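Let me begin by presenting the structure, written as structure tokens, before commenting on it.
The values are calculated or read from the model by the stated rules, or taken from the named source; none is laboratory data. As the structure is a computational prediction, the values presented were derived from the model and not from experiment. When we count neighbours, we look across all protein chains shown, and the Cβ atoms used for this are built from the backbone with ideal geometry, even at glycine. SASA here: full protein model, heavy atoms, side chains in, ligands and nucleic acids out. Shrake-Rupley method; radii C 1.70, N 1.55, O 1.52, S 1.80 Å.
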Amino acid sequence: MDTIVGMKTFAAVAVHKSFTEGARQVGISTKLASKYIGQLEERLHAQLFNRTTRSVTLTDTGRSYYDRCLPLIEQFDELEGLVQQRQTELAGRIRITAPTGYGSSQLVHLLQPFQDAHPKVSIELHLSDHHVSLVEEGHDLALRFGALKDSSLVARKLMDMRIICCASPDYLKKNGLPKEPSALSTHNCLLQSSTSPADNWEFNGAKGVYTVPVSGNFRANSPLAVANMAAEGLGVGRVPLYTALPFLKEGRLQIIFEAEEAKVVGLYAVYPPSRHLTGLIRTVIDHLAAQF
């Protein structure tokens, strides 16, 4: 058994608390993963895991070994990445997580030229509108909008995204174009429940930023769902610009209160501080930053 492979197998099983999932992350069979862990424990003369039919947990010795071997694994990966980068041919797998709407529309288009340039790189994209734990879920990189709630993560800002108010031409023709944000109180407003607060929209006025209370008969935790319903003529939506772009280009939505827009949200590339940036991860982040 190669020592590094054994350590990577051990770390994957420790993170996922499962031989099956840990083996999948490393790309080997569950039987081989169990064999590697057994060989590692035999060489160390120590039990690393408590095993039952329902769970796999670290022993105290296993926890100490994990804390010390993880930086070594990451430094080894970084060394390999730097060598690969110098050879100008990147290879390997990178696991990225991103919001569903942004990932399925904008991000895939940004990643396509990267994969054309680096055909030996395998990208595994996990889309979710909920923030997942990068370490526990085994992700190398996350794309996230807004203020970062987890201060333990390292973030690189890629861009600012406008938050716009929009409605369909049919809705505005039927219900009238509101002349100022305060008039939204008489309109059906489509709420994005993943923002806080969802029913108080910010605008920029002569005296600075102010809020307008809004309400409506539809809310969703996805900005894409709000944009879709606005395009169907249900009401006025407030969403990130990228979500509305396809509908704006088709003429199914139009922006209102552009001069009064008060909010932008940052888009960040986020990674754990304990994970040294490999050449691959660094190159992906640099590529995304260059696209903006």
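Can you find, within segment 46-85, the residue that is modelled with the lowest pLDDT among those that are of a type in the set (S, T, N, Q), in a helix (DSSP H, G or I) and open to solvent by less than 70 Å² (accessible area, probe 1.4 Å)?
Gln84
Can you say whether Leu158 is open to solvent by 40 Å² or more (accessible area, probe 1.4 Å) and in contact with a helix residue (DSSP H, G or I) (Cβ under 6 Å, 6 or more places away or on another chain), as far as the supplied structure shows?
The answer is no for Leu158.
I'd like to check something: does segment 247-256 contain any residue that is of a type in the set (Lys, Arg), assigned to a helix (DSSP H, G or I), modelled with pLDDT of 90 or more and open to solvent by 50 Å² or more (accessible area, probe 1.4 Å)?
Checked segment 247-256: at least one residue is of a type in the set (Lys, Arg), assigned to a helix (DSSP H, G or I), modelled with pLDDT of 90 or more and open to solvent by 50 Å² or more (accessible area, probe 1.4 Å).
Out of segment 108-121, which residues are surrounded by fewer than 13 Cβ atoms within 10 Å (Cβ to Cβ) and either among the acidic types (Asp, Glu) or not in a helix (DSSP H, G or I) (or both)?
Passing the criteria: Asp116, Pro119, Lys120.
Limited to segment 183-194, what total is found for residues that are open to solvent by 60 Å² or more (accessible area, probe 1.4 Å) and either in a helix (DSSP H, G or I) or more than 20 Å from Leu224 (Cα to Cα) (or both)? Walk me through it before giving the result.
Of the residues in segment 183-194, the ones open to solvent by 60 Å² or more (accessible area, probe 1.4 Å) are 185-186, 194.
Imposing the further condition that a residue be either in a helix (DSSP H, G or I) or more than 20 Å from Leu224 (Cα to Cα) (or both) reduces the set to 185-186.
Adding up the residues that qualify gives 2.
From the list Ala231, Ala206, Ala290, Ala262, which residue is open to solvent by 30 Å² or more (accessible area, probe 1.4 Å), touching an Asp or Glu at 6+ places or on another chain (Cβ under 9 Å) and among the small types (Gly, Ala, Ser)? Walk me through it before giving the result.
Numbers: Ala231 fails: open to solvent by 30 Å² or more (accessible area, probe 1.4 Å); Ala206 fails: touching an Asp or Glu at 6+ places or on another chain (Cβ under 9 Å); Ala290 fails: touching an Asp or Glu at 6+ places or on another chain (Cβ under 9 Å).
Going through Ala231, Ala206, Ala290, Ala262 in turn, the sole match is Ala262.
Going through Arg24, Arg43 one at a time, which residue ends up being within 28 Å of the chain's Cα centre (by Cα) and either more than 17 Å from Ile73 (Cβ to Cβ) or surrounded by fewer than 20 Cβ atoms within 10 Å (Cβ to Cβ) (or both)?
Arg24
What are the pairs, 6+ residues apart or on separate chains, where a residue within segment 178-203 that is within 18 Å of Glu260 (Cβ to Cβ) has its Cβ under 6 Å from a residue that is β-branched (Val, Ile, Thr) and open to solvent by 20 Å² or more (accessible area, probe 1.4 Å)?
The qualifying pairs are Asn200/Thr211; Glu202/Val209; Glu202/Thr211.
Select from segment 231-246 the residues that are assigned to a helix (DSSP H, G or I) and over 15 Å from Ser105 (Cα atoms) and list them in ascending order.
Keep residues of segment 231-246 that are assigned to a helix (DSSP H, G or I), which gives 231, 241-246.
Ala231 - this is the single residue of segment 231-246 that is assigned to a helix (DSSP H, G or I) and over 15 Å from Ser105 (Cα atoms).
Output the residues belonging to segment 99-116 that are under 16 Å from Ala289 (Cα atoms), more than 15 Å from the chain's Cα centre (by Cα) and not polar (S, T, N, Q).
His109, Pro113, Phe114
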